[in-house]
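Where a number appears in this text, it was derived from the coordinates with a stated rule and is not lab data. Since this is a predicted model, take the numbers as computed values, not measurements. Backbone-built Cβ (ideal geometry, glycine too); neighbour counts: all protein chains shown.
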Amino acid sequence: MKKIVSLIAFIALAALQTAGWRSPGPSPHSGVSLSSGTASAAEGKTDVVLWNVFADNSDTGVFLSNAARDFTAENPEIKVTIVGQGGYDAVAERLEAAAASGTLPTLAIIEETFLGRFHPRAADLSKYVSKDTIDNYQKSLLASSRINGLLATLPFNRSTPVLYVNRTLFDRSGVKGAPSTWDEFAVMARKLSDPENGVFGAGICWDTDAWIFESVLYSFGGEIISPDNRTILFGRNDIAANVVKLFQNMYNEGVLFNPYIHQDDPWAVIGSAFLNGKVAMFLGSNGMFGTYEKLMSEAGYELQLQTHPAGMDELSVATGGGNIIMFDSATEAQKRAAGRLIEFLARDRYVTEYAALTGYLPTTVSSLETGVIKDLARRSPSYKIAYDQMRHAHRRPLTKNWKAIYKLLTEDLRRCLTYADTDAASAMRDAAAACQKILDENPD
């Protein structure tokens, strides 16, 4: 067995779990001011400023910098500035501050559910991006791009929860295939567990915004909220409670690794355990596949991605990641220029390059037919698993109150696993009632 991945090293990795980070590179825009993107009169150019959710020296930061260079070579009358912001919450809070001071950028990458917060300030992208380009995006990934008839965002760095499998541990235990249902997930977890060596058959982390819980709920046919964002639905039947009970029971049986009984960040804890061969399978973002695959190989394990388990006949899962939004405060010239930049990034060359670099989903229909994506899927079936799962995407909660709701929900979910004798039905009913109060007191 090669070197074991340390917990300290993984904490830094896990902190970037949803960012799709892989490795640092040069920082071409270090020190760029957080300007709003006014016309560069001295240069005679139209300024377009894009706030990137990722750091400038991340894979995404370097990719966008290189793409912006190519774009300006074709469009010398446009100046593009990419500004890294260091995380979904960070960019959201800075956008709120920029809106208050009248200094919003032209474009920004926002987590898809933040559309509920920012759509009143969004430009209608159907006016600035061609119909052919819009129609070429994966329809399932557009499910969280429209609100109140407005096309407010378009997909960029998108992901979906997939099942991460340590194939080496499966083979050692004589477990064939992978679970396609949650019942099979529990059965296989029992077979994969090896208490004497501290190996758990499975693990679960609800995520900081309840993304994983949300996806498991959808896979059983459950719902978080009504399409009009007025009614909390997860407390109206037993589906949410049964999801929680599934994992409580597995933990009580000793076959589920529970990161919530540890003091450190749950993603850091479960990720380290998985990379060190102590967890055989767990749900995580496909956007981290490249990083995990490298680290697992270094530790002497074979990593595979498998389809998200289903609790009903027709699979339905959450998607995640970021979409590009254009702000209506930009000048008309900036909006036209920004629309051209979005169309440029939607070309097959850049969609496929980004997917291959990061592990994020190819966001367009035509990109799936390119040699790059077909070669990736041929060389690693794990890529194809994530690509095929796109068609099962479920619309996300798009209320402006989603952050307040998921913070409350995540705390209750954490408590249900920290204290696994907590009555799941009562916990979910109480959480739903509290979330409904948030909606009632601050309607969209």
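Summary table
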| quantity | calculated |
| --- | --- |
| Using alpha carbons only: equivalent-ellipsoid semi-axes of the stretch 153-294, gyration tensor based, whole Å | 27, 19, 14 |
| Under 10 Å, Cβ to Cβ, from Ala178 - net charge with Lys/Arg +1 and Asp/Glu -1 | +1 |
| Relative contact order %, the chain, counting alpha carbon pairs below 8 Å whose residues are six or more apart | 26 percent |
| Set of lysines with alpha-carbon distance to Lys127 below 23 Å, sequence-local pairs under 8 removed | Lys45, Lys79, Lys139, Lys335 |
| Likely footprinting exposure, Thr352, Thr307, fewest C-beta neighbours within 10 Å first | Thr307, Thr352 |
| Reach of Lys294 by Cα under 12 Å, taken over aspartates and glutamates that are not fewer than 8 positions away in the same chain | Glu302 |
| Extension reserve of the Lys437-Glu74 stretch, reckoned as 0.36 nm per residue once the Cα distance is removed | 125.5 nm |
| Shape parameters for the stretch 89-189, alpha-carbon atoms, Rg then Dmax in Å | 20.3, 61 |
| Only Lys, Arg (+1) and Asp, Glu (-1) charged, at Cβ; the chain dipole about Cα centre in debye | 560 debye |
| The chain - convex hull of alpha carbons, volume per residue in Å³ | 139 Å³ |
| Debye log10 I(q)/I(0) for the stretch 142-223, one point scatterer per Cα, at q = 0.14, 0.21, 0.25 Å⁻¹ | -0.65, -1.08, -1.28 |
| Three-way shape call for the stretch 222-261 based on the alpha-carbon gyration tensor, with the a/c threshold at 1.5 | prolate |
| Positive-pole candidate from Ala100, Gly221, Trp206, dipole of the stretch 100-239, charges at beta carbon | Ala100 |
| Whether the stretch 334-444 is rounded, prolate or oblate, judged on the alpha carbon gyration tensor where a/c under 1.5 counts as rounded | oblate |
| Extension reserve of the Ala143-Ser226 stretch, reckoned as 0.36 nm per residue once the Cα distance is removed | 28.4 nm |
| Residues of type lysines that Lys245 reaches as a straight line, Cα spacing below 28 Å, ignoring anything fewer than 8 places off in the same chain | Lys176, Lys191, Lys278, Lys403, Lys407, Lys437 |
| Length-normalised contact order for the stretch 323-408 - Cα pairs under 8 Å, 6+ apart - percent | 16 percent |
| Net charge, Asn401 excluded, C-beta distance under 11 Å - Lys, Arg +1, Asp, Glu -1 | +3 |
| Modelled FRET efficiency - R0 22 Å, Glu184 with Asp421, Cβ distances, 0.05 increments | 0.25 |
| Where labels lie 7 Å past Cα in the beta-carbon direction, separation of Asp132 and Glu369 in nm | 1.3 nm |
